Amino acid sequence: MQDDAFASMLGEWIEGIMHHSMRRFLRYARANGLSMSHLGALFHTHRFGSCGVTEIGEHLGVSSAAASQMLERLVKQDLVLRSEDPDDRRAKRIVLTKKGQRILEEALRARQSWLNDVTQTLSDSEKKTVSAALKILIARVNQLTEPAD
């Protein structure tokens with residue numbers, strides 16, 4: 001198979017993944033009164049365990065004031081807890097609450113739920129073939145290095 005045709009096929013697969021994943025992810029977010037920025041802040045906080053308002057603003061590409069306002073809504077929804085930074089009383093630290101952690105887990109399950117639908121349509125033989133191919137792709141992707149900024 002030519003590289004162009006193979007790359008095109010991978011592109012189609014990625015487009016399908018993104019379409020189905022994001023559709024269900026956005027549906028879940030809307031049903032729970034959350035925006036993509038809210039989910040971005042929750043995921044960022046989860047990744048680092050604790051972070052500052054400015055860090056979240058920089059991650060989302062918004063001002064600290066905008067991040068603070070958005071986080072206020074998440075505090076009111078009991079998804080994050082805002083407290084004084086022990087090293088700098090002027091700064092605030094953000095951590096997920098148990099409810100915030102649960103929302104993230106549910107959002108991820110919603111985003112990936114379509115995979116169960118696809119899996120059920122495959123025969124055992126097809127699953128083995130796809131698994132073998134995915135193992136190769138995963139190994140190659142993990143060998144890639146990111147270009148320097």
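The values are calculated or read from the model by the stated rules, or taken from the named source; none is laboratory data. Since we're looking at a predicted model, the values are computed, not measured. Methodologically, a virtual Cβ is constructed for each residue, glycine included, from the backbone with ideal geometry; neighbour enumeration extends over all protein chains shown.
Conditions tested, residue by residue: (1) at negative phi; (2) touching a residue at least 24 places away in the same chain (Cβ under 8 Å); (3) touching a Ser or Thr at 6+ places or on another chain (Cβ under 9 Å).
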{"residue": "N32", "(1), (2), (3)": "yes, yes, no"}
{"residue": "M36", "(1), (2), (3)": "yes, no, no"}
{"residue": "H44", "(1), (2), (3)": "yes, no, no"}
{"residue": "V53", "(1), (2), (3)": "yes, yes, yes"}
{"residue": "A65", "(1), (2), (3)": "yes, no, no"}
{"residue": "A91", "(1), (2), (3)": "yes, yes, yes"}
{"residue": "T97", "(1), (2), (3)": "yes, no, no"}
{"residue": "L108", "(1), (2), (3)": "yes, no, no"}
State the number of residues belonging to region 73-117 that are under 12 Å from V53 (Cα atoms) and in contact with an Asp or Glu (Cβ under 7 Å, 6 or more places away or on another chain). 3
Any hit, region 91-104, residues being in contact with a Pro (Cβ under 9 Å, 6 or more places away or on another chain) and either loosely packed, with under 12 Cβ neighbours inside 10 Å or farther than 26 Å from S21 by Cβ (or both): yes
May I ask you to list the residues in region 66-97 that are part of a helix (DSSP H, G or I) and either of a type outside the set (D, E, K, R) or within 13 Å of T45 (Cβ to Cβ) (or both)? A66, A67, S68, Q69, M70, L71, L74, V75
Taking A139 as the residue in question, decide whether it is exposed (fewer than 10 other Cβ atoms within 10 Å of the Cβ), at pLDDT below 90 and aliphatic (A, V, I, L, M). no
Is one or more of the residues making up region 82-89 touching a strand residue (DSSP E or B) at 6+ places or on another chain (Cβ under 7 Å) and free of Cβ contacts under 8 Å to residues at least 12 places away in the same chain? yes
Looking only at region 1-40, count how many residues are over 19 Å from the mean Cα position of the chain (by Cα), among the aliphatic types (A, V, I, L, M) and not in a helix (DSSP H, G or I). 1
